[in-house]
Every structure is written in C-alpha cells, then in structure tokens.
Amino acid sequence: MRIRRLELLVLVAAAAFVAVLALSFRPGRRPPASAGKGRPASAPGVDAAGEPTTLLDGFDFTETVGGKSLLRIQADRTVGYGPGAGLPPNLYSGEKVTLTAYPEDGEPVTVFSDRATYDERSRESKLMGNVRWTDKDGGLAETEEAQFHPAARLLEAPGKVHFTQGSMDIVAPSAKYDLKERVVHFAGPVQGTGSGEESGGLSRLTARTALYRRDDGILELENADAASRTGDRFASDHLVIKLGTTGKHHPEWARATGNVRGVLSAEGAAASVGPKSTTPKPGPPGGENHSKVERQYEGQESLVSFDADGKAKSFTLRGAPARMTEPQRRLTAPQIDLLFADGKASAARATGGVRIESVDGKAEADSGSLGFGEDGETQNATLDGNVRLDELPDRRAQSAKAAQLGSRGIWVLTGDAARAARIESGHSRISAERIEIERPLQQVRAEGKARAVFAPDPDKPNRAGTPTFVGDPKRPTYGQGDRIALDDQRHLATLSGSASLWQDTSSLFADDITLSDADRTVTAVHNVRAVMSPGKAPEKGASKTPAPGAPHDGSDKQDKAASIILAQKMVYRESDRSARFQGGVTMTRGGLHATGGESTAWMSKDEEKDRGVECVEITGDVKMVDRTLGRSATAEKALDYPKLGKTVLWGSPARVVEAAGNQIAGAILTITDRGRSVEITAPEGGKTETIHRTDKD
C-alpha cells in the first residue's frame, strides 16, 4: 500500500514555522556607543513623548529585574525624547534595532527590525519595519510590527506573520509568545503552501489556530487540514506533534484527536490522512487499476511514531469504530495499527472486535491483520478468535482462526481443541479441523475429521436435493471422511478417506464418494459397503408351494432385514433410482449371503411413501447361502426382493441345495415366504429336476 507520510508532511511545515518563530532566535551584535551624526526619522508615536533631547550614534541598553536580565535593546542612531532639555528621556527611538527578550529560564528570543521604540515609563518596546528573525536551517520569518510587554512577559506580533523555508511558504494573521509559559500562540487561520520538494510532499496546510510549547517541543494545531501534491489529505479537530530534539525537522510522534479522517493516495508511498468527506462504501470490482490502491480511513484518535530519519514507523487509529476503506474492502475495529517499512505501510493490525467487508461478503473476529505488497495491494489477511464469515449469496462460516491468501483468493479456516471450523450454505453444513474456501474456483475443501450435513433448501422448492442414494434427497443426509470437498461450479461434493453417507438406517461407505447435483449421481470407489433399508413391505401375496424340507410355523412375518452389498465400485443414478455395483460383489440380507461379478439395486420410485430397496440383482457366477435354513444355491443371475422376502434365480440350470441334501434345479427358481416355498420353472423344451434324499440315502 503506497501511503503518504502524514506525520512528516505536517511536521515539516509546523516544525519549521514554530522553530523560526520561537526556537531559533539568536542575540545580535552589540553596537558601539558614540555621538550621533544626525537625527533619525521620527518613529510613530514619539511626538507624545516630548521633545528630542538626546542623539546617540549607538545604543545598547539592558534592563534587569532582581538581578535578572529582562530585555536588551541595541540600535544605531538613537534619539531620546523627554519633557525638556537636560531631563532624562521618556522614550528612545532607534534604527537598525536588535531586541533580545529574556525569559525566566532558557534561551532568549532575538528579533531584528528597521526601527524600534523603547518607553521608559511602561518598559515596553515596539519594533517596526521589516521585523524578522531567522533560524540556523535557513528559515525566515517576517512581520511589519512586533511588541514586547515586559510586565506580562509577552512578545506580540499583532500583524501578519510570514515564514518561508525552502519551497514552503506559511502565513499566520498574528502571533504571541508567552515567555512565562514559554508557549507561542498563532492566530488563525494558519495557512501554508509549497511545491512539496522540501516538505516531504506537503503542498498545503491550514489550521484554525496553533501553539508551540517550547520546553516540551510540542506543536498543537486546531482544526488541522493538510494535503500533498499527489492527493494525500489530513484533517482532525486537534493535532499534537512532538518535535525532535536534534535540531532537525523530524518529529518523534504526532497525535490527532476528534474527527480524524484520512486518504492514503494511490500515487505515493508516504503516510498521510484524509479529507473531510464521508467514507464511501466499498465499490464493485472491475475497471480498477489495482497496481495503485487508494485507501481512506477515519476515527476519533490517531497516534503516529517516527524513526530517526523522520519516516513513519507506526500509526494507530482508534474510534467507535475506526475505519479503513479501499476500493473493494473496508476494515473496521476499535483500534487499527499500521506498520511501516522504509516509510511504506507494510501491514495493518486490528483489535477489539474486527469487521472486514468486501464485495464478496463480510468477516468478523476478535482481532485481525492485513499484509500489503509493494504495489499497495492487500496480499493476505488473518483473523483470530470467534471468526465469522458471511459470503454472498448465502454461505456462512465459523472458526477459531482464519487466514486469507489474497493472491489466490483463498480463506483457510482452522478450529481449536474446543470447536472445529464450520461452514454452512443454505441448510447444509461442513465441519472439520481445517477448511479452505477458494472463491475464484467456488470450491470448499475440508480436512481432518470432516463432517457434513447435506440438506435441501426449503426456500428453493423447485430445486432437487443432493442425490444421496441412501435415503430421501428431500431430507438431510449425513456424511463424514478424512476430507470433504465441494465444487459449486461443477455441483460436486466429494468425501475421501474412510468416507461415509447415512440417513436413518441406510448408509454408504467407501474410500471415496462423489455426489453430483448436475448428473444426479453418486459414485463410490474402493472398499464400497452399501447398507440399504428395504423400507415398507407391501401386503403379503398368495402362498406358494413349500420348498422341500422348509420349515413352516404359520407366521405371516416378512423378512425386512437391510441389504448389505460389498463391492469395489458403485454408481447410483437418480434418473432410474438404480445403483450398479462392480468388482467382487457380495450381498448379505439377514441370513442370506450371495456373491457374484456385478450387482444392481433398484430403489422405490414412490417418493411420497417409500424410498427403500425394491430389488437387488446379482449376475456372473452367483453363489448364495441362506445360513438360517442351511440352504445354498448357484445361478447365473439372482434377483432379490427384500420387501417381499422373495428371491428369483436364473441359470442353466439354477440350483438350490438343502441342508439335508435335497436339490432343486430349473431355469428359474422363485423362493418366497422366507424360503418356505420354491417355484420351479423348466427351461423351454426342458425339464425340472428334484432330488430328494431319504434317511437311507
């Protein structure tokens, strides 16, 4: 962030002005006393003092009180005025005068003028015509008249005071120096102009009034306003500057109070503060020249410290709250601290409750900081303590800490021992030890004990919920994994590392699970385990012929056990409510255990009444074992209906072997009533086969 040095600008003008008016006076040369060669021109007001009685070619007079010098007057060609010849003069009028006024302690003040008067009766002196004083750094101050009031220990310049140093030109309507308090008072408006070449870039300075405390080296300005050539501005109700003690114009610190406001120009690198206009709200992106960033700020109090070279070292802004605004971001907090490197702002730190607003949303925390690059752009941001993010259109996040990588547009949220980081979008949410939000790609990545709730948005009734396979997409589905990633552009959610989804008693486990809102699919790969609830069972149908050796207890109870399928890959499609399993498929339902090459499960399409499993198909060298009945079967294809408690086998032939050794074979075997009955369908043009073993066998 290229910032103007407010403190240096105001300092150069103020320090030079005050130093010339108050600090840099030096005693003049003592002129030799000799007889006058001619009467000098009469000074204004001498007629009332009487007739000229004395003419001196040189005059050197020191007045003392209690052994301490009060003033010293040196002049050439001095005339004394009195009531008559031979009587002591009441008033002295001289030319080329040097007046030295002595305070009770400290350095004296020395002023030069073309003419001056000294009144013996009042002890007062008046200097007139080209009244001037200079300092050792080349500054020059001028006025037309100055008066010294010894009783009040007051040196007064009642008319305009004009000061120049280098390219800087400063004017005050009048000035008074209180020798008792050692304070210089400047009437206003105080005005300064310049090219900025020798004033740290300052081109204009105004103040309603000003005073300088010599002993403390303190300059105070009321209603101060300053500007640089490149657009930096400063304004505050009250400004106090501590001048350096090394004889240079460099300040030690500057403190402003009351309606402090600022503009940090995009054109320069010095720090300064801004105009009296109100702070604008963050503007939209686009059309900005972000290689140069202009910032505005405002508060109720500010404090600036300087290094030995007069460059800003730190800047503290306080308010209720204090604000710093740039084209696409606004930072507010009770206190904002700017840090500088070589006079350029390198970072900002905010404490006491921080709020960052941007075109993308807002962020809040107990404290935070911003880092700036060489071009002035914000490169990164960090937030600490009770972090809350609100991003457009409806994303919210909470964490213990957060960091924004400005160059990549990424927010990194981290939790602590008490609470994980959390992000919500609509009614869905994700929590994890660490969450990344990448705005440019519209992605969210969570890792470390990641948990998710995928829920439909009731405010968007026409939008289908996230496909879950394990339940109703119109209800919340829960998920977890080592990592969870959301891609809003492609409408994808990916759970990785011991991933799982569940709703009620149905669940899906795998190494990786991907949910696609765009394709309405769910894909699970590696170590897939699907637990599918059968849902509601329909009314029991007509009884079938009992299978040989099958038990029969007369019960109408249906087998409603969930179907569990193991595979290496599963693809679920919402369009036909089917899930295809591949790679060493194993299915278990109650006591039934089956294996095969591939499997497909179909879910109920009656979304209002039932979302359970309708049937499961297994193909490719199917082998089945019913541990409850001690029965086994082989087939080329099997179709299991968990709601009906029915299994259909196809083969050439399909074969069922009972625990007692009885066998049934046919092209189609239909097992119903929990295995109590089997329907046998012969192949076309073929026969069925039944082998019934007797006890003798």
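The values are calculated or read from the model by the stated rules, or taken from the named source; none is laboratory data. These numbers come from a predicted model, not from an experiment. All Cβ positions, glycine included, derive from the backbone under ideal geometry; neighbour counts span all protein chains shown. Ligands, DNA and RNA are excluded from the accessible area calculation, which covers all protein heavy atoms including side chains. Shrake-Rupley method; radii C 1.70, N 1.55, O 1.52, S 1.80 Å.
Okay, here's what the table says:
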read-out	value
Length added when fully stretched, residue 388-residue 237, from 0.36 nm per residue minus Cα-Cα	50.9 nm
Long-range amide H partners of residue 361 with built H, under 5 Å	392
In range of the label at residue 51: residues from the range 68-106 whose backbone nitrogen is under 17 Å from the point 7 Å along Cα→Cβ	79-91
Whole-number accessible area per residue in Å² for the range 48-182, which is evaluated in the context of all protein chains at 1.4 Å	43
5 angstrom amide H check on residue 179, placed H, neighbours 5+ away	154, 155
Tensor-based shape of the range 454-533 (alpha-carbon gyration tensor, a/c under 1.5 rounded, otherwise prolate or oblate)	oblate
Sequence of 265, 369 when ordered by accessible area, the most exposed leading, probe 1.4 angstrom	369, 265
Pair residue 308, residue 169: separation of 7 Å Cα→Cβ label points (nm)	3.7
Segment residue 449-residue 259, extension gain: residue separation times 0.36 nm, minus the distance between their alpha carbons	63.5 nm
nm² value of the averaged projected area, convex hull over the Cα atoms of the range 302-433	9.0
Spin-label proximity, residue 442 to the range 479-498 - amide N less than 11 Å from point 7 Å beyond Cα toward beta carbon	487-492
Sequence-separation-based contact order of the range 334-423, relative, with Cα cut under 8 Å and 6+ spacing, percent	18
Length released on extending from residue 652 to residue 191, taking residue separation times 0.36 nm less the Cα-Cα span	155.2 nm
Nearest-10 value in Å² for the accessible area of residue 134, using the 1.4 Å probe	70
Cα gyration tensor category, rounded, prolate or oblate, for the range 342-389 with a/c compared to 1.5	oblate
Virtual paramagnetic centre 7 Å along Cα→Cβ of residue 121, amide N under 19 Å, in the range 84-98	84-94
Inter-site label distance for residue 114 and residue 490 at 7 Å from Cα along Cβ, in nm	8.8
Accessible surface ranking that places the most exposed of 156, 104, 598 first, with a 1.4 angstrom probe	104, 598, 156
Under 5 Å, built H, 5+ apart or other chain: amide partners of residue 626	593, 631, 632
Phi to ³J(HN,Hα) by Karplus 6.51 cos²θ - 1.76 cosθ + 1.60 over the range 468-480, Hz, x for Gly, Pro	10, 6, 7, x, 8, x, 8, 10, x, 10, 9, x, 7
Cβ-derived FRET efficiency at R0 30 Å, residue 424 paired with residue 359, nearest 0.05	0.90
Trypsin sites (Lys or Arg not before Pro) within the range 399-441, DSSP loop, no more than 15 other Cβ atoms inside 10 Å	408, 419
